[in-house]
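Accompanying notes for the structure given below.
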Amino acid sequence: MSAAIPKPAHTSVPINAHATARWSGRAYDADRHVSLEDLTGVLEAARWAPSCMNEQPWRIIICDRHTNPEAWETAFDALAPANQTWCDFAPILGVICSYTRIDKDDTTNRWHSYDAGQAALSLALEATARGLMLHQMGGFETDDIRASFGIPDRYTIMTMFTLGYQLPLEKVAESMKIRELTPRTRKPLGQIVFAGKWGEGFVGGR
């Protein structure tokens with residue numbers, strides 16, 4: 001299923017279709033629920049993400065508006081006001097945390113946040129593959145989330161996210177259309193990938 005508002009990435013060479021189709025939209029269809037099968041599939045993708053020493057430090061809290069409205073409201077209340085303006089139609093809010101210690105010897109896991117990020121990307125790519133949209137956010141009150149959901153101190157709260165179906169363009173409010181339709185941009189490869197030494201920009205593609 002293609003996105004209701006496609007914004008494909010323009011790459012120098014062809015890459016995985018789900019990677020080019022994935023983007024962080026804000027216009028959610030409040031009338032479409034996420035099925036348990038699709039939600040489980042998205043979470044399975046995160047479960048099978050790679051991690052250092054297979055520690056799997058990520059933990060995910062799912063707040064489904066249709067099956068647990070109280071949890072959804074709790075998560076929504078912790079969002080920054082700027083995010084609340086568009087999150088109110090998202091059927092699912094989620095929280096991603098990561099465990100900061102190594103299980104076997106209780107030492108610091110300096111890769112925990114990196115590994116949680118890999119799980120988050122796996123979530124996003126699987127969501128895209130299933131015709132869903134996932135948007136990650138940093139704008140929320142960490143202390144409120146920790147207290148409300150009883151998250152232990154040894155877990156770092158990394159991000160929150162929305163998950164659901166994209167609203168068809170004809171139903172998107174005019175106030176949101178500019179942001180939803182603005183083309184995606186990225187820095188060129190030569191600025192972020194170096195060939196052989198720092199600052200020597202990689203040149204590739206066609």
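Taking θ as phi - 60° and the Karplus parameters 6.51, -1.76 and 1.60, the scalar couplings of the stretch 5-16 work out to 10, x, 9, x, 6, 9, 10, 6, 9, x, 10, 3 Hz in sequence order, x denoting glycine and proline. Each eigenvalue of the Cα gyration tensor of the chain, multiplied by 5 and square-rooted, gives one semi-axis; in descending order these are 27, 26, 16 Å. Looking at the stretch 102-165, the trypsin sites (Lys or Arg not before Pro) that sit in a DSSP loop and have at most 10 other Cβ atoms within 10 Å of their own Cβ are K104, R110. Is there a quick way to get the dipole size of the chain? I mean about its Cα centre, with the Cβ of Lys and Arg at +1 and of Asp and Glu at -1; what is the value in debye to the nearest 20? Computed charge dipole of the chain: roughly 1020 debye. Magnitude of the charge dipole for the stretch 64-113, about its Cα centre and with charges confined to Cβ atoms of Lys, Arg (+1) and Asp, Glu (-1), is about 240 debye. I need to check one value: relative contact order of the stretch 61-121, counting alpha carbon pairs closer than 8 Å and at least 6 residues apart, in percent. After rounding, I find 29 percent. With each pseudo-label sitting 7 Å past Cα toward Cβ, what's the E73-M53 distance in nm, one decimal? My value for the distance between the label points is 4.3 nm. Other residues lying with their Cβ under 13 Å from the Cβ of A90 contribute a combined charge of -2, Lys and Arg counting +1, Asp and Glu -1. Projected label points at S12 and T142, each 7 Å from Cα along the beta carbon direction, are separated by 3.6 nanometres. Arranged from fewest to most other beta-carbon atoms within 10 Å of their beta carbon, K187, K7, K177 become K187, K177, K7. Considering only alpha-carbon pairs that sit under 8 angstrom and 6 or more positions apart, the relative contact order computed for the chain is 30 percent. With neighbour counts taken as other beta-carbon atoms within 10 Å, the residues E141, E180 rank, fewest first, as E141, E180. Given R0 = 45 Å, the distance between the Cβ atoms of L43 and F194 translates into a calculated FRET efficiency of 0.80.
Calculated mean residue ellipticity at 222 nm for the chain: -9500 deg cm²/dmol, from DSSP H runs with n ≥ 4 weighted as -39500 (n - 2.57), summed, divided by the residue count and rounded to 500. Summing Lys and Arg as +1 and Asp and Glu as -1 over all other residues whose Cβ lies under 12 Å from the Cβ of G25 gives a net charge of +4. At full extension, A82 and V203 could sit 39.7 nm farther apart than now, given 0.36 nm per residue minus the alpha carbon distance. The phi torsions of the stretch 147-160, fed into the Karplus equation with coefficients 6.51, -1.76 and 1.60 and a -60° offset, translate into couplings of 5, 5, 9, x, 7, x, 5, 7, 10, 8, 7, 8, 7, 10 Hz, rounded to whole numbers, with Gly and Pro shown as x. Taken about its Cα centre, the stretch 1-93 carries a charge dipole of roughly 420 debye when the Cβ of each Lys and Arg holds +1 and the Cβ of each Asp and Glu holds -1. Oblate is the label for the stretch 136-206. Its Cα gyration tensor axes, ordered a ≥ b ≥ c, give a/c of at least 1.5 and b/c at or above a/b.
Values quoted throughout were computed directly from the atomic coordinates according to the rules given, and no laboratory measurement underlies them. Worth saying up front: this structure is predicted, and the values here are computed from it rather than measured. Every residue, glycine as well, gets a Cβ built from its backbone with ideal geometry; the counts of neighbours run over all protein chains shown.
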